[in-house]
Each structure stands twice: as C-alpha cells, then as structure tokens.
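Written below as structure tokens is the structure these notes are about.
The values are calculated or read from the model by the stated rules, or taken from the named source; none is laboratory data. None of these values were measured; they are calculated from a predicted model. Cβ placement follows ideal geometry from the backbone for every residue including glycine, while neighbour counts extend to all protein chains displayed. These area figures cover heavy atoms from the full protein model, side chains too; ligands, DNA and RNA do not enter into them. Shrake-Rupley method; radii C 1.70, N 1.55, O 1.52, S 1.80 Å.
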Amino acid sequence: MTANISFIHDRQFVNNTTLIEGESQELVDVLQKIVQNAGALLDVQNCSVALLDATQTTLVTLAALQKQGQRLRQTRFQLNEGVAGWVAEHREALIINNVSLDQRFKRLGRTPVGSIICVPLIDKNSFIGTLTASSQEIDAFDEKKVRMLSIFAEQAVLAITNARRAEISQRQANQLETLMHLSRSITTSLEPDILYRTILSELRRLVPYDLSVVYLYREGAQELYSVAEWYSIPVDVSTEYEENKRDSGVKSVYVQRESFSLYDTHSVVALAAAHRHPMLHAPGQNGQDVTLAELATPFVSKGLLYGVLLLKRKQPFDSEELRLVRNLSTLAAAALENVALFQEMRTDQEQLHAILTSSSDGIALLGVNACFVEVNAAFGQVFGVEPQQVIGMECMELLGYAEEEEADYCRELCMVQQALNKEEALPYIEVDLQIQGVPRSLGLSITPIVSPEKTLSLLVARDVTSIRDAARMKANFLSMITHELRSPLNAINGYLDLTLEGIGGELNEQQREFMQRARAGSEHLYALIEDLLLASRADSGQLRLSREIIHLQDVIANAVEELELNARDQGITMVVEIAKDFPRLYADAVRLQQVLRNLISNALRFTEQGGQVTVSAWVEDRDALTMDSSDEDTRVIKLQVSDTGIGIVPEHQERIFERFYQVPDGSNGRSGQGLGLAIVKMIIELHNGSVTVESTPGRGSTFTCTLPCLLS
Ligand code: ADP
C-alpha cells in the first residue's frame, strides 16, 4: 500500500488549459460556433472539434455539426490512432481524398464519408486538439481549403484559450469565495463539535468526496483519533463502505472512535501527521478489494500539529484539489488552535470556579478603587451578606472603616487600606470588626495580581473569632492559674526564709541544707511561674509596657549586679561597655532589666570557668532599608550580651526564640524552661525592636537587641 503513497509538492500543477471533464458551457458554446463557422466556410455538413483530455493521451469530441435535437456523442480516441492521431503526431494538416483507399480512416457512426480534412489546433507549440471536416463526396477538399481551414484553426485556438482562461478565472473566483466563506464560518466557531462539522460540510463545496474524517492529535500518547466524519452513500464500491453503511452527512458525536499511532507506516493519516505534509494515495486493487483514492493533509499551525483531514473517493485527486484542501487545512488549523486555547481557558475558568465555590475561606477579587469584582459564597457568609450584594461595593466600606475613626482602633484596617491603595501584598493580619452588630475577628490577607491590562487584588478572609476566643480563654486561664500559684508560693518562700533565719529555733547542719534546697527549688518554681504569667498576659493582650525616661546605664548596672555573685562563683569575668553620657531612652526599665537578666543568666549558664560575658550598648544609624519614612529618628540603640561560651549550632539559632524550645543535649545539665529568650523577644518587640543571635559553636554567642527608643 505504501508504494502508492507519495509526497506532493505545490509546484506540481496540472496544465489547466487541458481540462476536459467539467468543461464549462461557455467553452462548449465557443466550440459549437467554431464547427458551425468551419462547416459554412468549407460548405460541408460534417465538422467536429476534439480536444485533448487531462491525461494528454485521449482526444474527446466536444462539438460537432449535427441535426437539430441530436445529442452529441463524446467520441474518444487515442492519440496514436486514426486520422486525428496522425495529425496530432505530425502536427500538420491532412487531406484524404478517398477514405476507402486510406488505412488511417476509421468510420465512426453511419454517416457515409467520401473525403476528409483534418487540421491540428496548436497553442504556443502545444497540440491541444483537432478540427475535422468531411464530405460524402470523393475529392471534396483541395490545398486552398486546407489553407483556409488552417487560418481558421488559428483563430479557433485563440477563441478556445480565451474561453478556457475565462473559465479558470471564474472557477478560481468561486473557490476564493468559498474559501473566504469557509474562513469566516470556521474561525467564528469556538465549539469543537460545530467546527468539525463546518470543516467537513464546507469542504464538500470545494472538493467532491465520498468519505471525509477529521482526526485530532493527542500529543501525550502520540496518537491520532477520529472526532468527525462525513459519509455519502456509495453506489457501487467498495468493501470499505459495506460494513459501515450509514446515512450521508456529518457525524461528530457518535463517530466510531478510531485511533492509531503517529508512527503507523500503513496509514496515510499517520504519515501526513508524522511528516507534517500532505499525502496522496492513488486508488488501486488490493487483492479482491478495490481501494479508494486517499488524500490526507495535516492541520499545522505555528509549527504545532493539531490533527489530520482525510478524504476518500473512487477517482484520483488532482493537484489543484490537493492545493485547495491544503489551504482549507491551514485555515482549519488556525481555527483548531483557537478552539484549543478557548478550551484551555474554559477549563481554567471551570477549575477556578470550582476552587472558589468549594473553598471554605472567603475569597474576593478587587478591581478598580478596591471595589469587589467577584466574591465566593464563603466570603458572603463571613460578612453575613449575599455575594451579589457585595459586587461593586468598596472593600473598606464593607469592612466598616471610616478614616476619622480612632487611630488605635483601626490600626489593622489602616494597613489593609494602605495595601489596597498601593496595590501591595499584605501577608496575614487579624482585625476585629463589628459584623452586623456582633464583634468578630477576621484573618485577612491581600495578594496583588498584576497583569499588563489591569491590577486586581485577591482578598482572602477567614472568620477566626472562635480560634481567637479560645486562645484568649486559654491565656486568661493560664494567667489566672499562675497568679493563684504565686500567692501560696510567696508564703512558702517567706516561711522558708523565716526558718532559715532561725526564728523557729536553731537548725542543725542537715536541716539547714534541706531548707536551702527547698528554698532554691521554690525560687526556681517562682521564676517559672513569673515567666508563664508574662507569656500568658502577652497572649491575652494584657501585657502593657510602662514606659518612662530612663538611663540605660542604670538598667545595665542593676542587671549585672543581680548576677555578679553567680559570675564570681563560676569564675567568669563580667565586662560592661557603655558610654557615661549615653543618651536617655523612653522605655520600660523593669522589662529591659528582665531582658538583660535572661540574656546574662543564659550567657553565664553556657560559659565555662575562665570565660567572659560582656554587656555593651551603643547608638547606631538605622539601616536605610528597614527605615519607615514615618519614623523621625534615624538612630537606634544596640544592646548586646556576648559570651565566650559553648555557642549554638546554626540549625538551632533560628528556633531558640520559640517558646519552650531548648537545644537538644545543649543544656549540659544547665536546666531551664525554654521561655527566657521567648520573653526577651516579646519585650523587645513590644518596644518595636528586634533581637538577633550570632554564634559559633565552641567560641561563644552574641545576642543583639535593636531598640528605636531614643529620645529625639
Ligand atoms: P532556657 O530557659 O532553657 O535557657 P532560653 O529560651 O533562655 O531557655 O534558651 C533556649 C535555648 O537556647 C537554651 O536551652 C540553650 O540551649 C540555648 N541558649 C540560649 N542562650 C545561650 C547562650 N548564651 N549560649 C549557648 N546556648 C544558649
């Protein structure tokens, strides 16, 4: 089968001026006039004109002088036979004065013939046909008549070529119109099913066929599968149809799904797809069966293969038909590309819609002036409104924000408004709102979606009221419990102190030791309760700073004094580096002392005998990048505690500020609760500052607090 398949190149055009099948009525009329005039010129009753057909091997009589109402017999004769054959071969006129004496003459029909004259029709050196006249008499033609007929034949050739040119132009105009119509109808359809039907039905107006199929290409599986087909009921052939008899017309829904690999070398369709080139398969005999002519053209747009169009019929396809089908396939490929893009877009939209409707988070899209463009059902539920009611409304209006409101109350809402105005991202923020008169806490985040045409913002909202309430309840509960524990512990400490002082009587050595251990234990417990109380107060929003104008030198001196004895006992040197005229700060002295206490006691705990702990403070220009333009003072305080101790390995440095986090095996018998650094971070952040650590295992650690608390 593959032997019949060939590549087709556009250059292979048939000489259009030689077409016989389907010659136009205009040409037949011209030919009819030619025979009439030639008959009159020679004064004969029999005159005919024959033209070469497309195969260039057969002459077909297309016009003849005949009796009124008589139907023309389209006589066909091969180029190598008869009088016309001789004229075609020699390209010169021939007179046979007595046909009965000349072998070249073959009588056709019943009309008696005595003598005959035949001249070639030659168009620019190409033989295109013959003009023949005959008479019942012998010797009816002489040299003069030959010359007359030859001159007449030249005029006749001009008339024939003009008629043919006119016919070709007309046909091309019709095809162009059909292609334009087709281009309009296939490029306007975005529904795949309608597109396949349009391609097949429009194609029928260009090229006749018995069967056509649209195959699509599945890239992943590298296979082609049929999606639409057109059958016309075949009359006589072939076995290919018989199993599949069905009505004529397009089928696209219940197509017998046929698929095959792109690399199937027995299929014209696969070959056309694999080579991205049209393929022709001439009709032929395959054993008992008659196989049909096949024409397959790939749908290729911007180098991408979308599918293949296959046509089948009994007659072979010619190059002009191939060119037409190829043009149509190019148009169809562009249309298929549009359909694929549209389908992709539709799938994306459907997926997006599914995400929006099924999401339990409220999701909204904000457009110009931060007005709602689209919201999902969950968003409506968060705000207790119908989603449709929100469309077009300004976001800040829905959040119930008025600029004149108290700054403290609307700090978070201000941040939301700022993010929307500046089209910036707002990672996650919790805001307290009144929604339909009920106080609610919402978790909000804003993400700008930037596109060349417009900027949209994605707002995600979640009702966190119950989570927040639960966290507050937990913090309140913890705060209450720790508070309740503190009072009896105070009493225990007091009684232990009294006993140790000997108020209740002299203690022997052992009793004193027991009492001292109990006192150390209860002190440890007291410190833990203090830390827990602080953390729970911060969680429930009860922790407030009591700021005043302070001298940092004093705060440092107090903290160092508290722990000086411990340092001395451990053989560690304590160094303080701070200028005497250090500027005053506006900060909470008690809390800052707590920060220093925690940092210094950690430093002492993790430093070996002979080591050093340094507490230093200095003023520094703020990093330009982190500076907020609204802040007036460009300077910050750096408060640092560094030691020459065991250090912290990098993977733990990030986490040591988390609550209850302790470096595994890092305590080395130095017990703690993992709250000290969390409290340091909390207090520093309450002062709008930050804390960082730098450490090298085996060489020591440095904790640096940055505080923007200088008095301007
Ligand atoms: P703890 O009360 O357990 O010390 P912290 O929050 O104060 O809790 O410290 C967390 C962990 O960080 C400690 O368990 C310790 O492993 C490590 N760490 C803190 N300060 C230092 C330091 N100066 N040197 C080495 N490790 C330290």
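Being assigned to a loop (DSSP other than H, G, I, E, B), out of contact with any strand residue (DSSP E or B) (no Cβ under 9 Å at 6 or more places or on another chain) and among the hydroxyl-bearing types (Ser, Thr, Tyr), is that true of even one residue in the range 176-189?
yes
For the condition open to solvent by less than 40 Å² (accessible area, probe 1.4 Å) and over 60 Å from the mean Cα position of the chain (by Cα), what is the one hit in LEU101, LEU121, LEU79, LEU65?
LEU121
If we only count strands (runs of 3 or more DSSP E) wholly inside the range 613-712, which ones have 3 or more residues that are under 22 Å from ALA535 (Cα atoms), more than 9 Å from the ligand (Cβ to nearest atom) and modelled with pLDDT of 90 or more?
Filter on the range 613-712 gives 690-696, 700-707.
To keep it simple, each residue is scored yes or no on (1) at pLDDT 85 or above; (2) in a strand (DSSP E or B).
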{"residue": "ILE233", "(1), (2)": "no, no"}
{"residue": "GLU240", "(1), (2)": "no, no"}
{"residue": "ARG246", "(1), (2)": "no, no"}
{"residue": "VAL250", "(1), (2)": "no, yes"}
{"residue": "TYR254", "(1), (2)": "no, no"}
{"residue": "PHE260", "(1), (2)": "no, yes"}
{"residue": "VAL269", "(1), (2)": "yes, no"}
{"residue": "ALA272", "(1), (2)": "yes, no"}
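For the range 412-487, give me every one of the strands (runs of 3 or more DSSP E) that falls completely inside it and has 3 or more residues that are closer than 16 Å to ALA364 by Cα and open to solvent by less than 40 Å² (accessible area, probe 1.4 Å).
438-450, 455-463
For the range 600-611, which residues satisfy the criterion of being of a type in the set (A, V, I, L, M, F, W, C) and over 11 Å from ILE556 (Cβ atoms)?
Result: ALA603, LEU604, PHE606.
From the set of residues in the range 575-612 that are under 20 Å from GLU530 (Cα atoms), surrounded by fewer than 21 Cβ atoms within 10 Å (Cβ to Cβ) and basic (Lys, Arg), which is nearest to the ligand (Cβ to nearest atom)?
The selected residue is ARG605.
Would you check if ALA133 is in contact with a Leu (Cβ under 9 Å, 6 or more places away or on another chain), under 26 Å from ASP29 (Cα atoms) and either in a strand (DSSP E or B) or open to solvent by 10 Å² or more (accessible area, probe 1.4 Å) (or both)?
For ALA133, the condition - in contact with a Leu (Cβ under 9 Å, 6 or more places away or on another chain), under 26 Å from ASP29 (Cα atoms) and either in a strand (DSSP E or B) or open to solvent by 10 Å² or more (accessible area, probe 1.4 Å) (or both) - is met.
Could you look through the range 561-574, keep only residues that are in contact with a Leu (Cβ under 8 Å, 6 or more places away or on another chain) and assigned to a helix (DSSP H, G or I), and pick out the one that is surrounded by the most Cβ atoms within 10 Å (Cβ to Cβ)?
ALA567
Quick one: is GLU350 more than 30 Å from LEU216 (Cβ to Cβ), without any contact (Cβ under 8 Å) to a residue 12 or more places away in the chain and either in a helix (DSSP H, G or I) or open to solvent by 30 Å² or more (accessible area, probe 1.4 Å) (or both)?
It is false that GLU350 is more than 30 Å from LEU216 (Cβ to Cβ), without any contact (Cβ under 8 Å) to a residue 12 or more places away in the chain and either in a helix (DSSP H, G or I) or open to solvent by 30 Å² or more (accessible area, probe 1.4 Å) (or both).
Among the numbered criteria (1) modelled with pLDDT of 85 or more; (2) open to solvent by less than 40 Å² (accessible area, probe 1.4 Å), which single criterion is violated by ARG218?
(2)
Quick one: count up the residues across the range 337-374 that are touching a Gly at 6+ places or on another chain (Cβ under 7 Å) and either at pLDDT below 90 or among the β-branched types (Val, Ile, Thr) (or both).
Looking only at that region, the number is 1.
Going through the range 321-344 one residue at a time, which ones are in contact (Cβ under 8 Å) with a residue 12 or more places away in the chain, among the acidic types (Asp, Glu) and surrounded by fewer than 17 Cβ atoms within 10 Å (Cβ to Cβ)?
GLU337
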